[in-house]
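S.K.: Handing you a structure now.
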Amino acid sequence: MTVVLLYDPKALIPTPPYWPWLFAVMALAAFAMILAMGVEDAWAEDAEDDNVDPAERWRAAVLAYVGGVVASVTFIATTALTDWLDAAFF
């Protein structure tokens, strides 16, 4: 989604038919619920240890998102460079 947001934001605006968008939203919601259930158990186990700082979880989440953004920007830049090289030399 970050690649689409950086490369072509208008592609995120739903157009008829809306069924594919609804299925995508439902799939993302189901994926989020599965992740939340798994994280909930792990957080309960970590709470018993009293060694886990909640700030560490947020730091890890932010670093994971920043890593995804860097990967997305790299993908877009590589695609643009490849398109430019293809147009310039072939």
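The values are calculated or read from the model by the stated rules, or taken from the named source; none is laboratory data. On a predicted model such as this, the values are computed, not experimentally measured, just so you know. Don't worry about glycine lacking a Cβ; one is built from the backbone with ideal geometry, like all the others, and counts go over all protein chains shown.
S.K.: Just one of T2, T15 is modelled with pLDDT under 80, closer than 30 Å to D83 by Cβ, among the polar types (S, T, N, Q) and loosely packed, with under 10 Cβ neighbours inside 10 Å; which is it?
M.R.: Working: T2 fails: loosely packed, with under 10 Cβ neighbours inside 10 Å.
None of the other options fit; the residue is T15.
S.K.: Is there a residue in segment 68-87 that is among the aromatic types (F, W, Y) and modelled with pLDDT under 80?
M.R.: Taking every residue of segment 68-87 in turn, none turns out to be among the aromatic types (F, W, Y) and modelled with pLDDT under 80.
S.K.: If you check every pair at least six apart or on different chains, which have Cβ atoms under 9 Å apart with a residue in segment 64-90 that is more than 15 Å from Y7 (Cβ to Cβ) first and a residue that is assigned to a helix (DSSP H, G or I) second?
M.R.: If the second residue must be assigned to a helix (DSSP H, G or I), the pairs left are Y65/T2.
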